[in-house]
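Working notes for the structure below.
The values are calculated or read from the model by the stated rules, or taken from the named source; none is laboratory data. Here the structure is a predicted model, which means the values were calculated and not measured. Note: ideal-geometry Cβ built from the backbone for every residue, glycine included; neighbour counts use all protein chains shown. Note: accessible area is taken over every heavy atom of the protein model, side chains too, but ligands, DNA and RNA are not part of it. Shrake-Rupley method; radii C 1.70, N 1.55, O 1.52, S 1.80 Å.
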Amino acid sequence: MIPGIAVLAEKFRVPICIALVLGVWQIVFVLGVVNEKYFPSIPTIAVAFGQMLTDGSVIAAWATTFLRALIGLIGAALLGVALAIVSDLSPILSRGIRYVSDVLQPIPPAAFVPMAVFMLGLGSKLYAFVIILVTVWPPYLNGVAALAGVGPVQLNTGRMFGLTNWGLLWRVKLPAALPEIFTGIRYAATISLIAVIVSEMLAGRDGIGFMIFKKAFAMRTPEVFGLMFLVAINGVLLNGLVNLLRRGLTGWHMRMMERSE
Amino acid sequence: MTGILTASDVGKSYGSGDTRMAIIDGLNLSIAKGEFVSLVGPSGCGKTTLLMCLSGLLSPNLGKVGFKGQVVTAPPIGLSVVFQDYSRSLLPWKTNLDNVLFGMRRVTGMDAAQKKARALEILEAVGLPGFAGHYPWQVSGGMQQRVAIARGIASQSELLLLDEPLAAVDAQTRADMQDLLLDLAKRFDQTCVLVTHDVEEAVYMADRVLVLGPRPTRVVREIVVDLPKPRDQISTREAPAFLHARHEVMELIRSMRQGKALS
Ligand SMILES: Nc1ncnc2c1ncn2[C@@H]1O[C@H](COP(=O)(O)OP(=O)(O)O)[C@@H](O)[C@H]1O
Ligand SMILES: [Mg+2]
């Protein structure tokens, strides 16, 4: 009897969690802890969300925000890995890049936006700049650590079969480092989405971030919550894409880890 | 310089200044083509370092290593090492077959299909038919060792440098692997240099045993093993020549230990 319930709970864990969150939300609403104006009921939000989905401008904003986050993530991942490779090849450049990263990394995305508006205007350059500047660090840092951590026996194996510099990097070091690099890219996916929303809020003319800001000032609370739900969906989609790529490129590692558990 | 592999006055040290540690000093050796030579010596004396120098993976500070008459400056084609840490030397993102093919990347005169056929043939020869599509981490340590050996042979190797390949296996597997190695050496025309700390194994496998001294190491004695081939796990180990050679090596190693204890 009990194991049966455990199996069911495991199988339906996602719907159960969602039901729990919605249930707690609704209880808070019914108890009237927060003013209804700022904390609408689940049905109210659901209706507002349903109406938004029929609104073309919302769908367009959703797609815009998703594309920005995706393109920013791709750019940041490529740049981060490139910086890690350069660091691995040249100790001098490595130290230089590390200083820059130490200075820039703690700066939150919001702090970049005002400066970037003056430098780059309100267009796509702004987004690229802000997103990449805050998203590049996890792939870079993980990449540096992973490349440095490739074992001497693996390197000697590559060299024994005639690989040098680039060949060794491409055929031995990068494949060995890829699983750890992907840990950084997954983290970067979340940061990329945050950076897009913040940039859109502060300097945007479109996108979900901009809409949330607009609706919030108009006190359209149910719609704000609906938009937040769309942001969450974007996060899930982005993570899904990264995981798909990760499975394709480092599936061996995932299976190896599953085995050793 | 005669012999397929030669070392003349090789010296190697790690570190510099106060932390400098001499590992090899004035080492000479010459291995003839087709020979099976065992290297024995006290642990930590520099056997692995020596193999790295002989293979071109490390460059000696002094002296020269020659392979087929050429001075070795980088790992040459025709020479391969089976590393002491063999399980880490297999690339975990490649299947066993692809690991063996990786060893064949410098092989010329074969197209992809021929290389694959050759790789499968060698995997079968080391006793791993049916495991080509597995990943190294899906098979046992003993099987990983066989993949590493197969990869070495497949690289169109003429000279195999084996670094304590059987240190981690149980007694029965050990005997089987010894005979397999001897068999592979003959079948694939491999000259072999085997590092081992097991004196009986050194004598059983070899045409010649080179005994290395304590660090900084050099060859302190050469013992020719005058025993017929193929060797036999029972009769070879009972032959007077085997017992003589074993006696000589063991006595030498004991005297080195005592010398170290006294000094
Ligand atoms: N890369 C290295 N740097 C400094 N010392 C090393 C290095 N590799 C090995 N050593 C030292 O050199 C000595 C010989 O090592 P090794 O060649 O591995 O000996 P063996 O294989 O005979 O056990 C040991 O004392 C070891 O600690
Ligand atoms: Mg060793």
| message | I need the full set of residues from region B:109-127 which are in contact with a helix residue (DSSP H, G or I) (Cβ under 8 Å, 6 or more places away or on another chain) and either open to solvent by 60 Å² or more (accessible area, probe 1.4 Å) or farther than 22 Å from B:Lys186 by Cβ (or both), in order please. | response | B:Met110, B:Lys115, B:Lys116, B:Arg118, B:Leu120
| field | Breaking point among (1) farther than 17 Å from B:Ala32 by Cα; (2) within 16 Å of ligand 1 (Cβ to nearest atom); (3) of a type in the set (A, V, I, L, M), for B:Leu180 | value | (2)
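Which residue is nearest to A:Val153 (Cα to Cα), if the candidates are limited to region B:56-74 and must be of a type in the set (Val, Ile, Thr) and either open to solvent by less than 10 Å² (accessible area, probe 1.4 Å) or away from chain A (no Cβ under 13 Å) (or both)? Walk me through it before giving the result.
Just the residues of region B:56-74 that are of a type in the set (Val, Ile, Thr), to begin with: B:65, B:71-73.
Subset that is either open to solvent by less than 10 Å² (accessible area, probe 1.4 Å) or away from chain A (no Cβ under 13 Å) (or both): B:65, B:71.
Values: B:Val65: 22, B:Val71: 24 Å.
Once the filter is applied, the top-ranked residue is B:Val65.
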| request: Considering every residue within region B:43-55, establish whether at least one is surrounded by fewer than 14 Cβ atoms within 10 Å (Cβ to Cβ), within 21 Å of the chain's Cα centre (by Cα), away from chain A (no Cβ under 14 Å) and away from ligand 2 (no atom under 16 Å from the Cβ). | output: no
| query | Which of the residues belonging to region B:56-91 are within 13 Å of ligand 1 (Cβ to nearest atom) and under 23 Å from B:Leu182 (Cα atoms)? | reply | B:Val81, B:Phe83, B:Gln84, B:Asp85
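Restricting attention to region B:95-108, which residues are open to solvent by 40 Å² or more (accessible area, probe 1.4 Å) and facing chain A (nearest Cβ under 9 Å)?
Initial filter on region B:95-108 (open to solvent by 40 Å² or more (accessible area, probe 1.4 Å)): B:98, B:101, B:105-106, B:108.
If the condition is that a residue be open to solvent by 40 Å² or more (accessible area, probe 1.4 Å) and facing chain A (nearest Cβ under 9 Å), then B:Arg105, B:Arg106 are the ones that fit.
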| message | With touching a Pro at 6+ places or on another chain (Cβ under 6 Å) and modelled with pLDDT of 95 or more as the only criterion, which of B:Leu90, B:Leu62 stands out? | response | B:Leu90
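Any chance region B:13-35 includes a residue that's within 14 Å of chain A (Cβ to nearest Cβ) and open to solvent by 50 Å² or more (accessible area, probe 1.4 Å)? Quick ask: steps written out before the conclusion?
Just the residues of region B:13-35 that are within 14 Å of chain A (Cβ to nearest Cβ), to begin with: B:14.
So of that shortlist, the ones also open to solvent by 50 Å² or more (accessible area, probe 1.4 Å) come out as B:14.
Yes.
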| message | List the residue pairs whose Cβ atoms are under 7 Å apart, where the first residue sits in region A:236-258 and is within 11 Å of chain B (Cβ to nearest Cβ) and under 17 Å from A:Ala76 (Cβ atoms), the second is open to solvent by less than 70 Å² (accessible area, probe 1.4 Å) and polar (S, T, N, Q), and the two are 6 or more positions apart or on different chains. | response | none
| said: Residue under question is B:Gly130, and the condition is that it be away from ligand 1 (no atom under 15 Å from the Cβ), open to solvent by 40 Å² or more (accessible area, probe 1.4 Å) and modelled with pLDDT under 95; does it hold? | reply: yes
| Looking at region B:75-88, which of its residues are within 8 Å of chain A (Cβ to nearest Cβ) and either over 17 Å from B:Asp189 (Cβ atoms) or within 16 Å of ligand 2 (Cβ to nearest atom) (or both)? | B:Pro75, B:Val81, B:Phe83, B:Asp85, B:Arg88
| Take the residues of region B:133-155 that are surrounded by fewer than 20 Cβ atoms within 10 Å (Cβ to Cβ) and within 11 Å of chain A (Cβ to nearest Cβ): which is farthest from ligand 1 (Cβ to nearest atom)? | B:Gln138
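Only helices (runs of 4 or more DSSP H) wholly contained in region A:145-206 count here; list those with 1 or more residues that are more than 12 Å from chain B (Cβ to nearest Cβ).
The qualifying helices (runs of 4 or more DSSP H) are A:165-168, A:174-203.
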| field | Residue list for region B:77-99, filter: under 13 Å from B:Ile149 (Cα atoms) and under 18 Å from the mean Cα position of the chain (by Cα) | value | B:Leu79, B:Ser80, B:Val81, B:Val82, B:Phe83, B:Gln84, B:Asp85, B:Tyr86, B:Ser87, B:Ser89, B:Leu90
| said: Please determine whether any residue of region B:192-215 is more than 16 Å from ligand 2 (Cβ to nearest atom), outside any helix (DSSP H, G or I), away from chain A (no Cβ under 14 Å) and among the aromatic types (Phe, Trp, Tyr). | reply: no
| Residues that are open to solvent by less than 80 Å² (accessible area, probe 1.4 Å) and either touching a residue at least 60 places away in the same chain (Cβ under 8 Å) or small (Gly, Ala, Ser) (or both), drawn from region A:1-38 | A:Gly4, A:Ala6, A:Ala9, A:Ala19, A:Gly23, A:Gly32
| query | Considering only region A:211-238, how many residues are open to solvent by 60 Å² or more (accessible area, probe 1.4 Å) and not aliphatic (A, V, I, L, M)? | reply | 5
